[in-house]
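Take a look at the structure below.
The values are calculated or read from the model by the stated rules, or taken from the named source; none is laboratory data. The structure presented is a predicted model; accordingly, all values stated were derived computationally and were not measured. For neighbour counting, all protein chains shown are included, and Cβ atoms are generated from backbone atoms with ideal geometry for every residue, glycine included. With ligands, DNA and RNA removed, areas are computed over all heavy atoms of the protein, side chains included. Shrake-Rupley method; radii C 1.70, N 1.55, O 1.52, S 1.80 Å.
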Amino acid sequence: MKQQHKREQRHRRLDTPRHQTHHVGGGTRNQLQKLHRPVRLTEAKMSSVSYHVSNLLEKMTSTDKDFRFMATNDLMLELQKDSIKLDEDSERKVVTMLLKLLEDKNGEVQNLAVKCLAPLVRKVKEPQLETMVDTLCSNMVSDKEQLRDISSMGVKTLIAELPLSSAGLSLTVSVCKRITSQLIGAMGKQEDVSVQLELLSLSISLRQLTSPRMAVRKRSILALGHLVPCCSSALFSQLTEHLLTELAKAPPTSLTRTYIQCLATISRQGAHRVGEHLEKLIPVVVKFTGVEDDELREYCFQAFEAFIRRCPKEMSPHVATVTKLCLKFMTFDPNYNYDDEQDEEDDMDVEDVLDEESDDEYSDDDDMSWKVRRSSVKCLEALIESRRDLLLSFYASLCPALLARFKEREENVRADVFEEEEPAVAMLKKQVPLIVKALHRQLKQKSVRSRQGCFCLLTELTHSVPGGLETHIPALIPGIVFSLTDKSTSSTMRIDALSFFHVLLLSHPPQAFQPHLQVLLPPVVACVDDTFYKITSEALLVTQQLVRVMRPHGFCVSQVFSATLKRLKATDIDQEVKERAITCMGHMVCHLGDHMGAELQGVLAIFLERLKNEITRLTAVRTFTLVAASPIKADLSSVLPEALSVLGSFLRKNQRALKLGSLACLTALVTHHAAGIKPAALEPVLSELPALVDEDDMHVSQVSVALLTVMAAVCPSSLAKISSSVLPGVFRLVHSPLLQGGALAAILDFIKALVGSKTSSMGYSQLLRSLTEPFHSSPSSDGVVVHRQSYRSVARCVAALTSACPKETPATVSGLIQEVKNPGSPESARVLALLSLGEVGRSGSLGGSREVQAVILEAFTSSSEEVKTAASCALGGLAVGSLSDYLPFLLKEICTQPRRQYLLLHSLKEVISACPACGLSPHMESIWSLLVQSCECPEEGTRNLVAECLGKLTSLEPAQLLPRLKQQLKAGDFLKTLQDKDVNVRRVALVMFNSAAHNKPCLIRGLLGSVLPHLYQETRVRKDLIREVEMGPFKHTVDDGLDVRKAAFECMYTLLDGCLEGLDVLQFLDHVEEGLKDHYDIRMLTFLMLARLVSLCPAAVLQRLDRLVEPLKATCTTKVKAGSVKQEFEKQDELRRSAMRAVAALLAVPDVERSPSMAEFANQIRTNADMASIYQSVQGGEAGESMDMS
């Protein structure tokens, strides 16, 4: 207590400024109590920073360690303030004092002095920095161990705080050179190993690789690894040659290990630069795998792994050699005799399994052979991950060997073997029986890590081969049950077993599990009752799937129901468990509701309560949807009125998922339980629907209209009440340019249902008038411009109306004909009438009407292009509905009316696109002949249209027409057109190839070897295709090869998605690099490609990083000339943003800033306000940004 009191008094004396120590009256004690805090400049009202610092420095010389500690702490707090600035004298005094305190007898004071160095580095000028460096470096060779340690920390702190910005870069370089030269000089003079260890953590000396101390050699390797990313290519080559020279001298085994380990380290850090030396390195490393030393072999395989990951292309000639060595040494276990007998299938009871002795009880502390086996397996893993193009050959050569190693006794190696199988699992369909047989025994081992590896591998196999384990389920179930029931099993193991079981249930039919229900249900139900929420959550997911299995027999329904109901009723449990309990019980009601008896109504009441709860309402909505659509048709009358009211209120909520879920639930309820719904119960829902039919959210509109359609069919009287408020929204949607796809189909169904219900206040004629009214007013009168897409939408709605009311069709068609004929009709009305005739005719209801045909042909002579285009679409629609009447006429017109040929070919395209092959087969020959004749048309637009028709026709009968299409090519082969002399032919060939790569990548994967050279050839800028065009006094450069280059780069981008395995990524990157310097359009493409490549194969991108950074930097720093047009500024801005997206992708790669050029560019972005702003904007303010912009 006395010591504590004494220390408190010292704190008070320290914190009380000298001019305040003598106080009058009784306030002195209170004043001292208030001053127990760090001295602050503003509080003490010091006249200057210098006086304040001097005061602290004086206290730092006190004989009392507590005073020194507190003064040093106060100095650190002051130095951390941005506002404080030291004059030259104060700088010198502070540096001298802190360096002196590094030798303080008290360790806490020393540590604080080191911490003070960090903010001090940013406050002092270069002379004081040099003083700090000289003192710290000299201390590091002191004979006092504590001083060496604290000085080493000081140097590291100093280096870490040196500025990286361009403004302070010269200072950083100067200081680092000074540190390095002093440390290297000191290291050469030192004999003391402990001193060398401190120096090596900061500097490098190849001489220390031969040190007799292992710790020194390891620190040397580590230091060399840090140096490699920053050194020049010449220095890297010198380092590699030195290691090769030393290895050639046949050094002792311990030194050989050091040199090989060093090779592996510099390969990992030096990336692609080691590729230049592989031809010399590989034979040396291969030779040393033959030395009888386990650690040396381990380091050899680590070196191979580094070579493969960093230089996959350069390793290609050596893959076979390395693979052979890996396969040899992955079985290297000289101290253990494996049982050669094959594992037998057995169906052990769980009790038998628990008593089974595990094979991994054998251990030998001196046996290091497991490290050789593990490193060889890791090397194989690197091969599989980096050489996806060789997967087929790996499948044949590696998989059997890996399967055989499942019997591995060492757990670390066995776990790596399980991980190793994952990349190749998609190729293992024929090996499934062997895999299951090998894993069957492992699933019953006591080793948790082995079983986790088994479940992980089986999960991957189940995902890759859905249904492939059906015949092996009896062999897998004992292992699952064992992991769920074994008392020594960890929680993680149970979760993994349940997770795999869930995947297994999802991907296999229920019948496969029904014979095993008695064994499976008890452990799963026990897991539902587990106290750990994660186990309960996974068990509920499994139970949810087991319910489907239980359906035919209703076995154990009461046990499963009781366990689930307990979780459903609980309110003080984890949110995930709550939600999964609701979903699981929903599946039980859906599949087993008829087995639940009186309990069902109680469950429904709980569902209703959960529906009203804000936390669980979304899950409850989805569960009600499931129950409502159940074929069991459970009695929902007790909860239906209140549920409808609650669901109606959800339609007002802003939560989109809740809104969509509620609409789906209401649709299911109205569809399947309409008999139990009173019209009054729907009123809360109906009042909310009109606001949801809006083009702002097309999907919500689509689901809302689908609900209205169901109501029109089931509850027409309810719909009649809101038709006046809903229909305006529907018509706005019909006239919207955004309407297409599912939303349009939903509206067509609604219109049919509405007319069919005959309860709406709007009949057929009123609906027709409302649909077509906007097209009869001229755009100038009301300012409304009807979008082109809405013509098609309204035409299809008119056709839907006529199909729902066949009696009205003749009058409607007659009215449309008159609209087209009337010269006073607005153009929009005539276009709509023609398209409507086509859509009505598409259903075949017009037959071979000559009047309609005549009206359409007359429209071909119109002066309006829009009318002529509509007429061609209408004629195509008529032909689709009545091929025998219109197609021969259409083909005849194409031959005899060359002036209308383009429009008539559009009609033919409509026919080919809409008709099945069987319908067109009688006319196939005549269509083919006509199209082939039209190929020679001089107009490019017509030729493109003919090409489209030929393609669509060939896709209908590929076996018959594809050979004939091939014969039409003069080259005789599609791909030979890539070598055509005509640049336009090559461009079109690339477009075709791009389409194949996008839609049918399997067709072109085998052709990449012959196609890629021609593709890459087209990415180069050809000067012979660049010409100058005089435009008055100006000359304009025209690049005729730009379009073909764009087509080539578009192909390259497409190949990344479906054909990555067939690409040499490094060669691919060479052409991407050229594209980064090309035209605006191509640069935009290559920036996207680069970002994609970073995510697909980051290792290859890192190999080319130094070459890729320069064009990125050039784009980001280029500025448009003053006085340029606005478009130039916009283009450059978009270029910079696109380039910055690629940079952001690169900076997300771990260790990318080890590249000096990338580190410099990243720092330039940080320090340049303009570039930093662009970077932040492309990142979108997402959490976890890869670059700290502070």
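A few notes on this one:
- Label-point gap, in nm, between Ser232 and Met1031 - each point 7 angstrom along Cα→Cβ: 4.8
- Ranked by the mean number of other Cβ atoms within 10 Å of their residues, highest first, the peptides 1029-1035, 557-563 fall in the order 557-563, 1029-1035.
- Note on Arg548 and Ser488: the extension gain reaches 18.5 nm, defined as 0.36 nm multiplied by sequence separation minus the Cα-Cα distance.
- When each of Lys437/Lys534; Lys1046/Lys1119; Lys65/Lys115 is checked by Cα-Cα distance, pairs over 28 Å: Lys437/Lys534
- Length gained when the stretch Leu147-Ser645 is fully extended (0.36 nm per residue, less Cα-Cα span): 171.5 nm
- Judged by the mean number of other Cβ atoms found within 10 Å, the most tightly packed of the peptides 610-623, 1109-1122 leads the ranking 610-623, 1109-1122.
- Spin-label model, Ala917 to Glu866: label points 7 Å out along the Cα-to-beta-carbon direction sit 4.0 nm apart.
- Taking the empirical scaling 2.2 N^0.38 Å for compact globular proteins as reference, the stretch 814-950 has a Cα radius of gyration ratio of 1.01.
- Pairs exceeding 21 Å between alpha-carbon atoms, taken from Lys981/Lys1023; Lys81/Lys105; Lys909/Lys976: Lys81/Lys105; Lys909/Lys976.
- Taking Val703, Val730 and ordering them by how much accessible surface each has at a 1.4 Å probe, largest first, produces Val703, Val730.
- Under 17 Å from a label point set 7 Å out along the Cα-to-Cβ vector of Arg1005, the amide N atoms of the stretch 1056-1076 belong to 1056-1065.
- For the stretch 978-1011, backbone nitrogen atoms closer than 13 Å to the point 7 Å from Asp1081 Cα along Cα-to-C-beta are found at 987-988, 991.
- When the C-alpha to C-alpha distance is required to be over 26 Å, the pairs from Lys280/Lys378; Lys85/Lys156; Lys280/Lys1113; Lys868/Lys1126 that qualify are Lys280/Lys1113; Lys868/Lys1126.
- If a spin label sat at a point 7 angstrom from the Cα of Glu1061 along the line to its beta carbon, the backbone N atoms of the stretch 1009-1023 nearer than 15 Å would be those of 1009.
- Difference of contour (0.36 nm per residue) and Cα-Cα distance, Ser316 to Lys65: 83.8 nm
- Shape of the stretch 452-570, Cα gyration tensor, a/c cut at 1.5: oblate
- Computed with every protein chain present, the accessible area of Lys59 is close to 40 Å² [probe 1.4 Å].
- Put a dot 7 Å past the Cα of Ser995, heading toward its Cβ, do the same for Gln1176, and the two dots end up 4.7 nm apart.
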